Amino acid sequence: MTKLSSVIALVAGLSLATACKKKDAGGDQPAAGAAPAAPAAKPAEPAAGPPVDKKLAQVGVTISVPADAHIDEGKMDMGGIQATVSFDGMQNFFVSNVNESSDSLDTTIKHADAKEWKVQEKAPDGSTWKLEWTAPRMSDPSKMAFGVAVRSKVGAALYDCGSNGLEEAQATALLKICTSLK
């Protein structure tokens, strides 16, 4: 299983588990005599606070994220180091160093299974890229989710940053964050 496939499976599983827990907790029917439940609130937009530079010491880059961002770095099973980053209004996204088991651009595009490409930019040599796309949600194929995959070069090293299953505002914010690596 490739890194992008693993990330897609992880995000989809977490989204589905969260959705199931919410449904179980709330039930489908209001109690007798109770007012119907209000429509589901729109997901929170990513925090609008000014970004700060945070060093991902193990990965080896600095990223601009909100000050309250939670970062967890560790070794990946496939080799290399990955940081899982999240903050209010943004689900987990991942920053990792590129190694021999990392997906190529063609594999990343294939695994995105995009319905529509919002951004599809690549360096002439194909070593770096910036992608944003829509694809059917795994939990509800009638709805669209956004994905972001960015490969950046910092110094002589290459880094991947991205996630799937995002709302549009999250994808826009993540694309900006992923291009902030230095």
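Within region 116-130, how many residues are assigned to a loop (DSSP other than H, G, I, E, B) and among the β-branched types (V, I, T)? Quick ask: steps written out before the conclusion?
Taking region 116-130 as the starting set, the residues that turn out to be assigned to a loop (DSSP other than H, G, I, E, B) are 123-128.
Then keep just the ones that are among the β-branched types (V, I, T); that gives 128.
Total satisfying the criteria: 1.
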Kindly check whether there is at least one residue in region 149-159 that is part of a helix (DSSP H, G or I) and among the basic types (K, R).
-> no
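Might you check whether a residue that is of a type in the set (D, E), touching a residue at least 24 places away in the same chain (Cβ under 8 Å) and in contact with a Lys or Arg (Cβ under 6 Å, 6 or more places away or on another chain) occurs anywhere in region 121-128?
No, every residue in region 121-128 fails to be of a type in the set (D, E), touching a residue at least 24 places away in the same chain (Cβ under 8 Å) and in contact with a Lys or Arg (Cβ under 6 Å, 6 or more places away or on another chain).
Filter region 142-156 down to residues that are over 17 Å from E132 (Cα atoms) and modelled with pLDDT of 95 or more, then give me how many there are. Spell out the reasoning first.
Going through region 142-156, the residues over 17 Å from E132 (Cα atoms) turn out to be 142, 153-156.
Narrowing the set further to residues that are modelled with pLDDT of 95 or more leaves 153-154.
Final tally of qualifying residues: 2.
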Only one of these conditions is not met by S139: (1) out of contact with any Lys or Arg (no Cβ under 7 Å at 6 or more places or on another chain); (2) free of Cβ contacts under 8 Å to residues at least 60 places away in the same chain; (3) at negative phi. Which number is it?
-> (2)
Loosely packed, with under 15 Cβ neighbours inside 10 Å, in a strand (DSSP E or B) and touching a residue at least 12 places away in the same chain (Cβ under 8 Å): does that describe W133?
-> no
Checked V119, V85, V95, V150 against criteria (surrounded by fewer than 16 Cβ atoms within 10 Å (Cβ to Cβ) and of a type outside the set (F, W, Y)); the one match is V119
Mind checking whether some residue in region 95-103 is modelled with pLDDT under 95 and over 22 Å from N164 (Cβ atoms)?
-> yes
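State whether one or more residues within region 98-115 are part of a strand (DSSP E or B) and without any contact (Cβ under 8 Å) to a residue 40 or more places away in the chain.
First, pick out the residues of region 98-115 that are part of a strand (DSSP E or B): none.
Within region 98-115 (the criterion being part of a strand (DSSP E or B) and without any contact (Cβ under 8 Å) to a residue 40 or more places away in the chain), the answer is no, since none of the residues qualifies.
The values are calculated or read from the model by the stated rules, or taken from the named source; none is laboratory data. Since the model is a prediction, treat every value here as computed from it, not as a measurement. Cβ coordinates were reconstructed from backbone atoms using ideal geometry, including for glycine residues, and neighbour counts include every protein chain displayed.
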